[in-house]
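Participant: My questions all concern the structure below.
Read-outs throughout are calculated quantities, based only on the coordinates presented, and are distinct from any laboratory measurement. From a predicted model like this one, the values you see are computed outputs, not experimental measurements. No Cβ is skipped: glycine too gets one built from the backbone with ideal geometry, and neighbour counts run over all protein chains shown.
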Amino acid sequence: MDAVKAWEYLTRGHVLDVSISADGEHIVAGSQDAYLYLFDKAGNAVWGQNLGTPVLRVMVSPNGEYICTTTHDNIISFFNIQGALLWRRRVNRPVMGVDMTNDGNYVALGSDNRNIYVVAANGALIWNQKVGGEVRNVTITRDGRYTIIGSYDAFIYCFDHSGNLYWSYKTMGPIEALDINGSADYILASSSDRRTYFLNRSGSMIWNPKNVGSVKHVEVSDQGNLMVESMGDEILVLSKDGSVLHRAKAVGVISAMNISDSGEYIVVGTTTNHVAMYDKALQLLWQCEADGEITSLAISEKGHFIVAGCKDRKVYMFDNHRYFDTAIEKAAQVLENAKAFGLNVLEAEVLLQKAQADLERDEFGSAVKYAEAATKVATRMRAKAQPEVSVLAVVRESFTPGQPTSVKALIMNTGVTHAFNIMITMMGEISIDPIETIESLGVNDYVNRSFNITTKAPGDIPIKVILDWTDKAGRPQHTEANFMLKSLEKKKKLSKNMPIISVGNVQKLVQKVAASKKTKAEVKVAQEAAKHRCPRCGNLLLEGVSQCPRCGQKVK
């Protein structure tokens, strides 16, 4: 939990509701201890107020200017962000439905007294209407033009900004959940008749599929590009034609759900104390466990921050930047470790760069997928990668009993990670000069070694060559091969180098040495040519010329 949890705050009662401003700067919580709390995003309690009875509902306006609360004694209170009470109104039944316009200038309220109220920030009642049942679900468009409510009389109602009924739609049971996009082009509701209703702004039903269970939560993003519902322990992402695009199971029955206005992220809380975050395709991004049932959730506009209220009396703040920064840092460390082994992890580095770029754009889901892919590539390469020591040894004269023969050897790391503590041992009817241990060889690096071998008898002399080395982690590597040395009675000069030992990827070794010699030769030719060119015009000069015939420049 610490990987993503930014802070927690212990109240004196169950936290019943939480809210967060669009930018995540202001967090509001209401508790059974009768307190209204305001926090900044760093977890500092800015202020708290005792409202006398348990705080049922809280909402901070998206722009962070105002706070609206409802309490157990049926009082609606409206504060500015500094904590000053702007107005207070009492009704005769609990108020469970609360929503605000973006600027907080209008708050829509639904009460168990079957009334809907729209009140201005200065406390003026703009309008109120009575319907046929308790109003637990209230939404208002971002500009205040429409207010859509769901009632226990089985109707969905839409009112205009003056409180005139624009349309109503009858379902077959009390409305249990309701949400709209910012302009009310898309309206999603669930009823106790086990149907989900998708309506347009005119109140026309587009689809209403029958569900196998009761849908307790519905959410629509601001632009309508994400529609989600929960049913028991299941989360479903719906298309605009009513089909299920994605589904996933939470760890326990879902007790709270919310989505980012951006339409990128979904967060759920469960009765089994879990908070989980998903991307819009329902890929689980992270999951944390609290100490009690999750009662409420809120998420900032772009999904940066998530706040949860819990029956363990705590308010939890989760910071997605903190979590995904950590995920990318871990991926970067895996890549650094792979590079320390000498691996070429270009593919993984490209993936990590994409992850970092997506994180900067707040595309958390894509960022973590790229980071995970980079980690997998680097881990797979490291698991498969090994250093490989290759040896090619040659002589220019034959072996003769009792007489040392000079051997020249090339030792190269032809593997894909660094090799360390390379030791060469030879066994057989021979004596050999000690071969110095090579402390390390990088990938494609090679060294020369010269030593003497003396055979003890004439004829074919079998020998065993043993190579031992370690990788970066100190894991031992070992290879051995058998060869035959021909020992003559009389020493004989050879017309060319004769290989006597060939271990490993000798072809790669030869190609590397040849390429290296060619490069050195080309550099030497270029250096020599540069000595005989005019420093002014670059004209090639003959030896002994003191003046350039092309430009007249005097030369040494």
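Participant: Near Glu293, within a Cβ-to-Cβ distance under 13 Å, what is the net charge of the other residues, with Lys and Arg +1 and Asp and Glu -1? Let's see the in-between values first.
Facilitator: Numbers: positive: Lys311, Arg313, Lys314; negative: Glu289, Asp291, Asp312.
Summing Lys/Arg as +1 and Asp/Glu as -1 gives 0.
Participant: Through the Karplus equation 6.51 cos²θ - 1.76 cosθ + 1.60, θ set to phi - 60°, convert the phi angles of the stretch 214-221 into ³J(HN,Hα) values in whole Hz; use x for Gly and Pro.
Facilitator: Listing the rounded values in order: 7, 8, 9, 9, 9, 9, 10, 6 Hz.
Participant: Regarding the chain, what whole-number volume in Å³ per residue does the convex hull of its Cα atoms give?
Facilitator: Values: hull volume 146.4 nm³, N = 556.
So the per-residue hull volume is 263 Å³.
Participant: Taking 0.36 nm per intervening residue step and subtracting the Cα-Cα distance, what contour gain separates Ala473 from Thr425 on full extension? Could you put the intermediate results ahead of the total?
Facilitator: On the way: separation 48, 0.36 × 48 = 17.28 nm, distance 2.27 nm.
Between Ala473 and Thr425, full extension yields an extra 15.0 nm.
Participant: Lysines within cross-link reach of Lys492: Cα-Cα under 20 Å, excluding same-chain residues under 8 positions apart?
Facilitator: Those lysines meeting the cut-off are Lys408, Lys456.
Participant: Checking the table Lys354/Lys384; Lys490/Lys518; Lys130/Lys216; Lys170/Lys302 against a 30 Å threshold on Cα-Cα, which pairs fail? Provide the component values of the computation, followed by the final result.
Facilitator: Numbers: Lys354/Lys384 25 Å; Lys490/Lys518 37 Å; Lys130/Lys216 24 Å; Lys170/Lys302 34 Å.
With Cα atoms farther than 30 Å apart: Lys490/Lys518; Lys170/Lys302.
Participant: Which aspartates and glutamates does Lys496 reach when only Cα atoms under 15 Å apart count, and residues fewer than 8 places away in its own chain are ignored?
Facilitator: Within reach: Glu397.
Participant: Something else now. For Ala383 and Ala281 in the same chain, what is the full-extension length gain: residue separation times 0.36 nm, less their Cα-Cα distance, in nm? Don't jump to the answer; show the numbers that get you there.
Facilitator: Details: separation 102, 0.36 × 102 = 36.72 nm, distance 3.12 nm.
Roughly 33.6 nm would be gained on extension.
Participant: Additional query: Based on alpha-carbon centroids, what's the gap between the stretch 326-341 and the stretch 118-151 in Å, whole number please?
Facilitator: 53 Å
Participant: May I pose another question? Using per-residue counts of other Cβ atoms within 10 Å, averaged over each peptide, order 170-183, 215-228 from highest down. Write out the running numbers ahead of the final one.
Facilitator: On the way: 170-183: 19.4, 215-228: 20.9.
Ranked by mean Cβ neighbours within 10 Å, highest first: 215-228, 170-183.
Participant: Taking the alpha-carbon centroid of each part, what is the distance from the stretch 194-215 to the stretch 368-418 in angstrom?
Facilitator: The distance from the Cα centre of the stretch 194-215 to that of the stretch 368-418 comes to 67 Å.
Participant: What FRET efficiency do you get for Ala515 and Gln333 if R0 is 45 Å and r is their Cβ-Cβ distance, rounded to the nearest 0.05? Show your work: numbers first, answer last.
Facilitator: Values: r = 34 Å, r/R0 = 0.76.
About 0.85, to the nearest 0.05.
Participant: So which trypsin sites (Lys or Arg not before Pro) in the stretch 343-436 are both in a DSSP loop and have at most 16 other Cβ atoms within 10 Å of their Cβ? Don't skip to the answer; put the middle values down first.
Facilitator: Details: sites: Lys354, Arg361, Lys369, Lys376, Arg380, Arg382, Lys384, Arg396, Lys408; in loops: Arg361.
Counting only loop positions with at most 16 other Cβ atoms within 10 Å, the trypsin sites (Lys or Arg not before Pro) in the stretch 343-436 are Arg361.
Participant: What list do you get for Asp241, Asp17 if you sort them by fewest beta carbons within 10 Å? Walk me through the numbers before you get to the answer.
Facilitator: Working: Asp241 9, Asp17 23.
The fewest-first ordering by Cβ neighbours comes to Asp241, Asp17.
Participant: Roughly speaking, what is the stretch gain from Asp103 to Lys376, that is 0.36 nm per residue apart minus the C-alpha to C-alpha distance, in nm to one decimal? Each step should come with its number before you reach the end.
Facilitator: On the way: separation 273, 0.36 × 273 = 98.28 nm, distance 4.57 nm.
Result for the pair: 93.7 nm of gain on full extension.
Participant: Tell me the mean residue ellipticity at 222 nm calculated for the chain from its helices only (DSSP H runs of n ≥ 4, each -39500 (n - 2.57), averaged over every residue, nearest 500). Intermediate results must be reported in sequence, preceding the final value.
Facilitator: Details: 4 runs with 83 residues, N = 556.
My calculation for the chain gives -5000 deg cm²/dmol from helical runs alone.
Participant: Using a Förster radius of 25 Å, what is the FRET efficiency between Asn80 and Asp160 based on their Cβ-Cβ separation? Nearest 0.05, please. Could the numbers behind the result be given before it?
Facilitator: Working: r = 28 Å, r/R0 = 1.11.
It comes out at approximately 0.35.
Participant: Where in the stretch 89-127 does the amide nitrogen come within less than 13 Å of the point 7 Å from the Cα of Asp73, taken along Cα to Cβ?
Facilitator: Residues 89-91 qualify, since their backbone N sits under 13 Å from the label point.
Participant: Here's another thing I want to ask about it. Charges at C-beta only: +1 for Lys and Arg, -1 for Asp and Glu. How large is the resulting dipole of the chain about its Cα centre, in Debye rounded to 20?
Facilitator: Values: 62 positive and 60 negative charges, 662 e Å.
For the chain, the charge dipole is close to 3180 debye.
Participant: Using alpha carbons only, how many degrees (0 to 90, rounded to 10) separate the axis of helix 506-531 from the longest principal axis of the chain?
Facilitator: Computed tilt is about 80 degrees.
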